[in-house]
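Novice: Dropping a structure here in structure tokens format, bear with me for questions.
The values are calculated or read from the model by the stated rules, or taken from the named source; none is laboratory data. It should be emphasised that the depicted structure is a prediction, and the values quoted were computed from it without experimental measurement. Using ideal geometry, Cβ is built from the backbone for each residue, glycine included, and neighbour counts are taken over all protein chains shown. The protein model used for the area step is the full one, side chains on, heavy atoms only, and it has no ligands, DNA or RNA in it. Shrake-Rupley method; radii C 1.70, N 1.55, O 1.52, S 1.80 Å.
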Amino acid sequence: MNTVWMTVAAYLIGSISFAVVMSKLFGIADPRTYGSKNPGATNVLRSGNKGAAIMTLVGDGAKGWLAVWLAMRYQDQLQIGDATIALVAIAVFLGHLWPVFFRFVGGKGVATALGVLLGLNPWLGLATLVTWLAVAFAFRYSSLAALVAALFAPFYYGLLFGVEPQLFAVFVMSALLAFRHSKNISNLLAGKESRIGSKSKDAVKAKKK
């Protein structure tokens, strides 16, 4: 029973879209209406409001970390196993991708996935973050950095901890993240992908209205 309610709670935590919430608080256009139409930190940055983008990044990452941290913190008291922690990790990530509070229109999961990895183990999260930063700095494509980091995340986990239930969760998140970036992959191959920091004309127009 504990497994069920913890998984549901994790999904609900993940369903909080900080991109939408922060955009409203900062008085900027809904990120689902401009740029990639993705409610995530990178698209919020296209509005030109760095503060809203940073808060979105922190919020989306924090919810992933919180759900996993709570499950691991109270693992003994609630008598749950590693399989439950893996389910919690997947559930909070699914909540971000398909949030019940926002008609199941969510983001691509990069920040939330990072938060989950940091919750599972700080070294795992740090290794994945360094991979993302290295690719992003070199090529200035957030999507490419996310795809490369997602590819390496399961490898890092297996290298650090071996085959465990949480490794399955990392594989699932990586696969879903790649799936959510399918359009970005097409844009990258066609040379049409937007670089980090580029502003969206749609966001500027929406802001002026």
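Novice: Given points 7 Å out from each Cα along the Cα-Cβ axis, report the residue 186 to residue 75 separation in nanometres with one decimal.
Specialist: 4.1 nm
Novice: Right, here's the next one. Over the chain, what number does the Rg to Rh ratio reach, with both radii from the alpha-carbon atoms and Rh per Kirkwood?
Specialist: Numbers: Rg = 16.8 Å, Rh = 17.1 Å.
Result for the chain is an Rg/Rh of 0.98.
Novice: Something else about it: Over every pair of different alpha-carbon atoms in region 86-209, take the mean of 1/r and invert it; report that Kirkwood radius in Å.
Specialist: Numbers: mean 1/r = 0.0650 Å⁻¹.
Answer for region 86-209: a Kirkwood hydrodynamic radius of 15.4 Å.
Novice: Turning to a different aspect of this structure: Tell me, how many Å apart are the Cα centres for region 12-59 and for region 101-117?
Specialist: 12 Å
Novice: Also, quick follow-up: Can you give the FRET efficiency for residue 198 and residue 160, using 1/(1 + (r/R0)^6), R0 = 30 Å, r = Cβ-Cβ distance, to the nearest 0.05? Could the numbers behind the result be given before it?
Specialist: Numbers: r = 35 Å, r/R0 = 1.18.
So the FRET efficiency works out to roughly 0.25.
Novice: Lys and Arg at +1, Asp and Glu at -1: add these up for the other residues within a Cβ distance under 11 Å of residue 14 and post the number. List each step's numbers first, then the result.
Specialist: On the way: positive: 63; negative: 60.
Taking every other residue near residue 14 into account, the sum is 0.
Novice: So what's the angle, to the nearest 10 degrees on a 0 to 90 scale, between helix 50-73 and the longest Cα principal axis of the chain?
Specialist: Approximately 10 degrees, to the nearest 10.
Novice: Now for a different question. Rounding to the nearest 20 debye, state how big the charge dipole of the chain is about its Cα centre with +1 on each Lys and Arg Cβ and -1 on each Asp and Glu Cβ.
Specialist: That gives the chain a dipole magnitude of about 1400 debye.
Novice: How big is region 80-134 by the Kirkwood estimate over distinct Cα pairs, in Å? Numbers along the way, then the final one.
Specialist: On the way: mean 1/r = 0.0833 Å⁻¹.
About 12.0 Å for region 80-134.
Novice: Over region 1-198, what is the relative contact order in percent, taking alpha-carbon pairs closer than 8 angstrom and at least six residues apart?
Specialist: On the way: 308 pairs, mean separation 44.2, N = 198.
After rounding, I find 22 percent.
Novice: Can you tell me the mean projection area, over all orientations, of the convex hull of region 1-115's alpha carbons? Units nm², please. Intermediate results must be reported in sequence, preceding the final value.
Specialist: On the way: hull surface 26.4 nm².
Quarter of the Cα hull surface area: 6.6 nm².
Novice: Something else: Calculate, for residue 138 and residue 179, the FRET efficiency according to 1/(1 + (r/R0)^6) with r their C-beta to C-beta distance and R0 30 Å; round to the nearest 0.05.
Specialist: Values: r = 24 Å, r/R0 = 0.81.
It comes out at approximately 0.80.
Novice: Right, next: Pick from 82, 30, 60: which is most flexible by mean-square fluctuation in a GNM of the chain where alpha carbon atoms under 10 Å apart are linked?
Specialist: 82
Novice: Which of 170, 58, 110 ends up with the largest GNM mean-square fluctuation for the chain, with Cα atoms connected below 10 Å?
Specialist: Comparing 170, 58, 110 in a Gaussian network model of the chain, the most mobile one is 58.
Novice: A follow-up question, please. Rank these residues by their accessible area, most exposed first, probe 1.4 Å: 192, 37. List each step's numbers first, then the result.
Specialist: On the way: 192 150, 37 105 Å².
Reading off the accessible areas and sorting them downward yields 192, 37.
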